[in-house]
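Chemist: Dumping the structure here so I can ask a few things about it.
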Amino acid sequence: MILTKAQYDEIAQCLVSVPPTRQSLRKLKQRFPSQSQATLLSIFSQEYQSMLAFSCHCITTWLCLSRYLNGVGRNGAAPVLLELANEVDYAPSLMARIILERFLQEHEETPPSKSVINSMLRDPSQIPDGVLANQVYQCIVNDCCYGPLVDCIKHAIGHEHEVLLRDMLLEKNLSFLDEDQLRAKGYDKTPDFILQVPVAVEGHIIHWIESKASFGDECSHQAYLHDQFWSYWNRFGPGLVIYWYGFIQELDCNRERGILLKACFPTDIVTLCHSVA
Amino acid sequence: MAAVLESLLREEVSVAAAVRWIARSAQSSEDDPGEAAALSSLRPLRKEFVPFLLNFLREQSSRVLPQGPPTPAKAPGSSAALPGRPGGPPRGGRGARSQLFPPTESSSAAAAEAPSARRGGRRRGPGPGRERGGRGPGGLEEGVGGESQLWPGGRRSRGSGSPGSPSLVRSDPPNLSNLEEFPPVGSVPPGPAGTKPSRRINPTPVSEERSLSKPKTCFTSPPINCVPSSQPSVPDTSPWGHGLPPGCRSLQEEREMLRKERSKQLQQSPSTTCATSELGPPLPSWTGNLTAESADPARVSSRQRLELIALVYSSCIAENLVPNLFLELFFVLQLLTARRMVATKDGDLEPSPGAPDSLESPLFQSVHDCVFFAVQVLEHQFQVLSYLDKGTLKLLAENERLLCFSPALQGRLRAAYEGSVAKVSLAMPPSAQAVSFQPETDNRANFSSDRAFHTFKKQRDVFFEVLREWEDRHEEPGWDFEKGLGSRIRAMMGQLSAACSHSHFVRLFQKQLLQMCQSPGGTGGTVLGEAPDVLSMLGADKLGRLRRLQERLVAPQSSGGPCPPPTFPGCQGFFRDFILSASSFQFNQHLMDSLSLKIRELNSLALPQPEPSDEDGESDVDWQGERRQFAMVLLSLRLLAKFLGFVAFLPYRGPEPPPTRELQDSILALRSQVPPALDVRALLQQGLRARRAVLTVPWLVEFLSLADHIVPLLDYYRSIFTVLLHLHRSLVLSKESEGEMCFLNKLLLLAVLGWLFQIPTVPEDLFFLEEGQLDALEVDTVASELGLDGMPVVDQHLLYTCCPYIGELRKLLASWVSGSSGRSGGFVRKITPTTTTGLGAQPPRTSQGLQAQLAQAFFHNQPPSLRRTVEFVAERIGSNCVKHIKATLVADLVRQAESLLQEQLVTQGQDGGDPAQLLEILCSQLCPHGAQALTQGREFCQKKSPGAVRALLPEETPAAVLSSAENIAVGLATEKACTWLSANITALIRREVKAAVSRTLRAQGPEAAARGERRGCSRACEHHAPLPSHLISEIKDVLSLAVGPRDPEEGVSPDHLEQLLGQLGQTLQCRQFLCPPAEQHLAKCSVDLASLLVADHIPVLGPPSPRGLERGQARRLLHVLLSLWKDDFQVPVPLQLLLSPRNVGLLADTRPREWDLLLFLLRELVEKGLMGRTEIEDCLGSLRDAQWPKDFSEELATLFHLFLAEPHRPEPQLRACELVQTNRGTVLAQS
């Protein structure tokens, strides 16, 4: 699961301008059978997100809206919005959001608030227009990178791995403080777990463990370093990050500085011995 | 002044009397009346004697030392402070240089000049040159600064120009700090003018005398001489020696030929003549033979005179009449290691027979004289030498000249070396880490607002980011702190709006500073944790070597001579540059406040008390701890004081003193009104009174070393300098009596004070000007108390750590051995302390009263470790007591508050009224219970302290001592805890109750209902259920297949659907991995799935039923879903969505429409109590409002009627209906 940069690039190469749909993911799995689906999905999703972030998407929303309206005017049951999104290389869920915003703007005097939009995306039944509701729903269930369902899956995966990690720590008899306890104490930055007694992993002292249920690619790792890992280091000293779906080997370059990467729970753990002497 | 020296030489006055005369203005009864008479006439000149003597010696030696390492200099390395750097064009003629100590008045022609020269702004003049000796009135021909004087030939020509001129002539000193400009000088007579300076590699002398270390060869060392003549048989090991006839003669001949050849060429090309040739005097050749002359005791000229002057000089050193002890030692060692006398005219070399003991003839006429003099002085200074580090002692003991001149001294040194344990180790502290986050000081409660809290959160991260970047890049060539980090730092500082945020940031800054920089070496590169890994690879044995190697690699090539200017080595540079780049007034002010506070706190920290059983081996262990703690505190104080000085004087610092007297006066008038950042004078006086000078003075020196030029002129600081000068004078090393300061303590103070007096910003005449007032000052010490000063708290390690420049002595000696001139570097090492752990908390101040006095008295006669233990236990137990009260009493009260609040809410309805009012009611009920805290606290301390004391004290502690210690610990702990509790308990209860109230009220909110009561897994659950994320993902796939678009071959098998719902059931029963958002989405997805089932929208795989599921299958699946909704979901399931226009609308697309499943579902919902009848009716009613195709509206209306027609019946009848419904459904579908 730990990929070299070259291996990673090979996968990333296959993802260029591929729509983030169920079908694309299936093809990807066929292309790289040795990689787990979760790893591939994680890479796919992150690559797609960074592609969106870096590509300049000048989507003229009014044009899209009119194309959408034309489309549904011809056949309301056809996947108009989804095809429109694929056509302009934009995530279906994001396209749905744009169209929904625009649509509501045209039908109501005041622009809809963000929370209203979010709520409608979560539950398209709230969308006043029946056809649009179906179109939006279709976009959301077909998007494998964005949307409330995908967000929920990601969140659930993260939570599950934290629970797994907690079990492993308990099993190893390592006492720790979890995020909730830390927050209750008023810590401003909270890794998933702070070890109450530091341990050594592969010869490196660690004070905290952060669980990441995703693949550690360059872009996301840099962001995590900046927003989380270094902040943890700044407060608690060196620590361990577990990328459950693997990471690019070359990113594990801060070991000496106090950030260790692993793709699974470490086996080589040395604990402090309370010598009798 | 010369007169005094002369009278000494003529033995009119005894040395002892002279020194007494110099040291004390009053005549002593020991003085011979004749002597007194001789001296009293010279009385006005008394205080000029020492500067005269020092200048005299420097000047006399100037012919011997030109090629030596940098001469003692006030500020050789400080480029900012050296605008008149030697080698540049001479400025102002003779005024361009001054004496080591400009005489105040009337002593000589040069003296009259010096002060004006100073005021003329050249005070920062050529460092070493200034030290080496002033200019005299003689020798106009060399009356230009710059390089010419540095050439020995210049002096020679002076000799020839005015052979009869008095030898008191001050020759222009060479600039020895710059070897590039002043390459080693040969001993041969001067060659033709204008010879281009060059450096060359010369044979390395190897001495068999160096028995303690292996002979070395230094291939790239600067020029040195041939093998000493005393060791002629030693083979020449340098590359130069190969291929040449043995011995030096042929080499010399060859070089002589070369030299001639080159000078010929130079004469033919005048353009290459260097500027100095204009000066007239013929210049010597550089390229002559540079052998170190062997020194021979038999060839010493005027022994008696040298002995006498050595004695006077030594006495002055011993009486601390010289500003810097180590500077003089450095000078003496330079004389010892002088390579070769610069040849002057023959006449000069011969002492004039008429006046053998006068000053008329040069003091040092040969290297023999120099070495003799040096050895004489060293003999007198043996005591100091014996306290130097082992390396220096070894080099001294191995010095062949020393052996030759004084075998006795050599023997003593060797003995001292062998007995010395003072190997200055270079152990480095473990790599520092970031300041850890401490909830007590860093959490939200410590900030005024959420915004401030979050801003500080970001700042902490930016600060460390900047620090990491600095670590990575500051050694890259071309990297600039300000350019690289300046704007980021300022942007960060700009966010610190609230005063409280500033104090937080300053605390972080200061902590990090202490953590990283306690070691003066500031091991920049390894701070962020490289060391442990490397070290783990090596054994402990190699560790030391590795550290030394690393140290050597990290250390700067040269520390800047024996008197380097204050610098910020290693990591300190980061903090300095940070302050400069931040350029924030608020930050600086907060930093000063914080530094001052910490300095006061550490300065008054109770450190080891005298211990009677000092000699015991047992107490030795304790003493190591005491020393360690002292060293830690001292080093922290020095660091803090240095930064305080830096920040406090930052606004006033400039490279130059004010150019005119008027300007200076107006600045003085302004500055004298400004109160000092920290009342250091008071602290100094306190320190002296409490006999803690050894702690206070070193940090005060650090503080003052960063003062600007005006500071020493201000009355306030002037008085401090006066006190320091007095202290300096009083630290006579030879005095060792009861109640005196320990030797190494004194040595430390002498070293730091001596260094301070050489700092560029401290006026050089201050030392001698103030001298007159000293006698009037008496430091009022509490004689009865033996303070820190009387305890051996300083060891060699600490001495060298605080004063790395003492290591220059070793460097000088080593360079003699290696044959280098000391500029090659590599010998100077920074010494880092071993002390690294955090500072202990300040012990609690005991209250006044008899009990406290008794406790003090009790500790007085016990080992200090006992006191520390008791104080430590008391401090910890007291603190734990407070925590315990918080966790028990306060927590109970909070629980009470919560239940009271619940009652309140029940009686007063849901909103319960105004939260503030509620809080008041609760607090008024609960706070009185806080009084119990004191009782409980007392009990806690009573219970816990004795055990802790017992565990920490030695088993053998006498019972009475033990029980007293326990009682005191209990008392102190109780006092600490109760003081805190009585002051804070009410506020604490209030705060906690407030938090509980807002928690409870929030729990009453709308979300609370949604959360409901959650069940966990059953006890037997092994958590093997499918993961929620997996299920959501699977159901999502089914949904996306159902809503399309899909490929023709895509579909779902009914088995898969059933399996999926089975898994959903398992997951919902095992709650291990389930979080509420996931469950909510599962609920919603299950409703969507049900709607798709009802509308027959699920594409089924396989040929049998191409258009959808069989009705039976669909019904089965709906049943499963219904039971999941009823029994397994713990979050509300959005069942009303089943009747949302969108989901019902799915039916509109199917043809023929089949309503039976929907009707079935609705009935089951009602039957299972999942939805109320009226609720469903409402949903159906609103469905009719939507826009539908006409036929669909009609069917919908029929469904509505059918549902409404259902009688409200209990279960058995409903089952009967079900059959009917199926029929009706079919009818409906067919209609």
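The values are calculated or read from the model by the stated rules, or taken from the named source; none is laboratory data. Owing to the predicted nature of the structure, the values given are computational and were not obtained by experimental measurement. Because the Cβ atoms are built from the backbone with ideal geometry, glycine has one as well, and the counts that use them run over all protein chains shown. With ligands, DNA and RNA removed, areas are computed over all heavy atoms of the protein, side chains included. Shrake-Rupley method; radii C 1.70, N 1.55, O 1.52, S 1.80 Å.
Chemist: Residue under question is A:Ile242, and the condition is that it be at pLDDT below 90, open to solvent by less than 10 Å² (accessible area, probe 1.4 Å), β-branched (Val, Ile, Thr) and outside any helix (DSSP H, G or I); does it hold?
Modeler: No.
Chemist: Same structure again: For the condition over 21 Å from B:Gly1044 (Cβ atoms) and buried (at least 21 other Cβ atoms within 10 Å of the Cβ), what is the one hit in A:Phe193, A:Phe176?
Modeler: A:Phe193 is the lone residue from the list that is over 21 Å from B:Gly1044 (Cβ atoms) and buried (at least 21 other Cβ atoms within 10 Å of the Cβ).
Chemist: Can you name every residue in region B:1151-1171 that is closer than 24 Å to B:Cys1085 by Cβ and either open to solvent by 30 Å² or more (accessible area, probe 1.4 Å) or under 60 Å from the mean Cα position of the chain (by Cα) (or both)?
Modeler: B:Glu1154, B:Val1166, B:Glu1167, B:Lys1168, B:Gly1169, B:Leu1170
Chemist: Shifting gears a bit: Being facing chain B (nearest Cβ under 9 Å), surrounded by fewer than 22 Cβ atoms within 10 Å (Cβ to Cβ) and touching a helix residue (DSSP H, G or I) at 6+ places or on another chain (Cβ under 7 Å) is true for just one of A:Lys185, A:Lys154. Which residue is that?
Modeler: A:Lys185
Chemist: For region B:1057-1106, which positions are away from chain A (no Cβ under 11 Å) and without any contact (Cβ under 8 Å) to a residue 40 or more places away in the chain?
Modeler: Once the filter is applied, which keeps residues that are away from chain A (no Cβ under 11 Å) and without any contact (Cβ under 8 Å) to a residue 40 or more places away in the chain, region B:1057-1106 yields B:Gln1059, B:Leu1060, B:Gln1063, B:Pro1103, B:Pro1104, B:Ser1105, B:Pro1106.
Chemist: Would you pick out the residues in region A:133-151 that are open to solvent by less than 20 Å² (accessible area, probe 1.4 Å), over 18 Å from A:Tyr48 (Cβ atoms) and within 8 Å of chain B (Cβ to nearest Cβ)?
Modeler: Pass one, region A:133-151, residues open to solvent by less than 20 Å² (accessible area, probe 1.4 Å): A:133, A:135-145, A:147, A:149-150.
Narrowing the set further to residues that are over 18 Å from A:Tyr48 (Cβ atoms) leaves A:133, A:135-138.
Passing the criteria: A:Ala133, A:Tyr137, A:Gln138.
Chemist: Of the residues B:Glu440, B:Glu469, only one is within 14 Å of chain A (Cβ to nearest Cβ), surrounded by fewer than 18 Cβ atoms within 10 Å (Cβ to Cβ) and at pLDDT 85 or above; which? Spell out how you get there, then give the answer.
Modeler: Working: B:Glu440 fails: at pLDDT 85 or above.
Checking each option against the conditions leaves just B:Glu469.
Chemist: Going through region A:253-267 one residue at a time, which ones are part of a strand (DSSP E or B) and open to solvent by 30 Å² or more (accessible area, probe 1.4 Å)?
Modeler: A:Lys262
Chemist: Pull up region A:6-36, narrow it to residues that are open to solvent by 30 Å² or more (accessible area, probe 1.4 Å), within 14 Å of another protein chain (Cβ to nearest Cβ) and in a loop (DSSP other than H, G, I, E, B), then point me to the one that is nearest to A:Gln138 (Cα to Cα).
Modeler: A:Pro19
Chemist: Something else now. Within region B:1028-1037, is even one residue at pLDDT 80 or above and more than 13 Å from chain A (Cβ to nearest Cβ)?
Modeler: no
Chemist: For region A:75-123, which residues satisfy the criterion of being of a type in the set (D, E, K, R) and at pLDDT 85 or above?
Modeler: A:Glu83, A:Arg97, A:Glu101, A:Lys114, A:Arg122, A:Asp123
Chemist: Continuing with the same structure: Would you list the helices (runs of 4 or more DSSP H) that sit entirely within region B:619-706 and hold 3 or more residues that are within 28 Å of the chain's Cα centre (by Cα) and surrounded by fewer than 23 Cβ atoms within 10 Å (Cβ to Cβ)?
Modeler: B:680-689
Chemist: Hey, any hits in region A:79-89 for a residue that's farther than 30 Å from A:Ala12 by Cα, within 14 Å of chain B (Cβ to nearest Cβ) and in contact (Cβ under 8 Å) with a residue 40 or more places away in the chain? Before you say what the answer is, go through the steps one by one.
Modeler: Within region A:79-89, the first condition is being farther than 30 Å from A:Ala12 by Cα, and the residues that meet it are none.
For region A:79-89, residues farther than 30 Å from A:Ala12 by Cα, within 14 Å of chain B (Cβ to nearest Cβ) and in contact (Cβ under 8 Å) with a residue 40 or more places away in the chain: absent.
Chemist: Residue check: is B:Thr979 surrounded by 13 or more Cβ atoms within 10 Å (Cβ to Cβ) and of a type in the set (Val, Ile, Thr)?
Modeler: Against the criterion (surrounded by 13 or more Cβ atoms within 10 Å (Cβ to Cβ) and of a type in the set (Val, Ile, Thr)), B:Thr979 qualifies.
Chemist: Let me ask you something else. Looking only at region B:993-1025, count every residue that is among the charged types (D, E, K, R), modelled with pLDDT of 75 or more and over 22 Å from B:Ala1078 (Cβ atoms) and tell me the total.
Modeler: The number of residues fulfilling the criteria is 1.
Chemist: Could I ask something else about it? Can you find even one residue in region A:192-212 that is assigned to a loop (DSSP other than H, G, I, E, B) and within 25 Å of B:His1023 (Cβ to Cβ)?
Modeler: Filtering region A:192-212 down to residues assigned to a loop (DSSP other than H, G, I, E, B) leaves A:192, A:202-203.
Narrowing the set further to residues that are within 25 Å of B:His1023 (Cβ to Cβ) leaves A:192.
Yes, that holds for at least one residue.
Chemist: Filter region B:924-941 for residues that are surrounded by fewer than 17 Cβ atoms within 10 Å (Cβ to Cβ) and more than 14 Å from B:Ile985 (Cα to Cα) and give the result.
Modeler: B:Gln925, B:Glu939
Chemist: Which is of a type in the set (A, V, I, L, M) and at pLDDT 85 or above, of B:Leu363, B:Leu402, B:Leu378, B:Leu321?
Modeler: Every option except B:Leu378 fails the conditions.
Chemist: Filter region A:123-132 for residues that are more than 8 Å from every other protein chain (Cβ to nearest Cβ) and open to solvent by 20 Å² or more (accessible area, probe 1.4 Å) and give the result.
Modeler: A:Gln126, A:Pro128, A:Asp129, A:Val131
Chemist: Taking the residues in region B:584-598 that are at pLDDT below 90 and among the polar types (S, T, N, Q) as candidates, determine which candidate is surrounded by the most Cβ atoms within 10 Å (Cβ to Cβ).
Modeler: Out of the qualifying residues, it is B:Ser584.
Chemist: Could you tell me which residue of region A:213-239 is nearest to A:His161 (Cα to Cα), considering only residues that are outside any helix (DSSP H, G or I) and at the interface with chain B (Cβ under 10 Å from one of its Cβ atoms)? Spell out how you get there, then give the answer.
Modeler: Within region A:213-239, the subset outside any helix (DSSP H, G or I) is A:213-217, A:237-239.
Imposing the further condition that a residue be at the interface with chain B (Cβ under 10 Å from one of its Cβ atoms) reduces the set to A:213, A:237-238.
On the way: A:Ala213: 6, A:Gly237: 23, A:Pro238: 21 Å.
Of everything passing the filter in region A:213-239, A:Ala213 is nearest to A:His161 (Cα to Cα).
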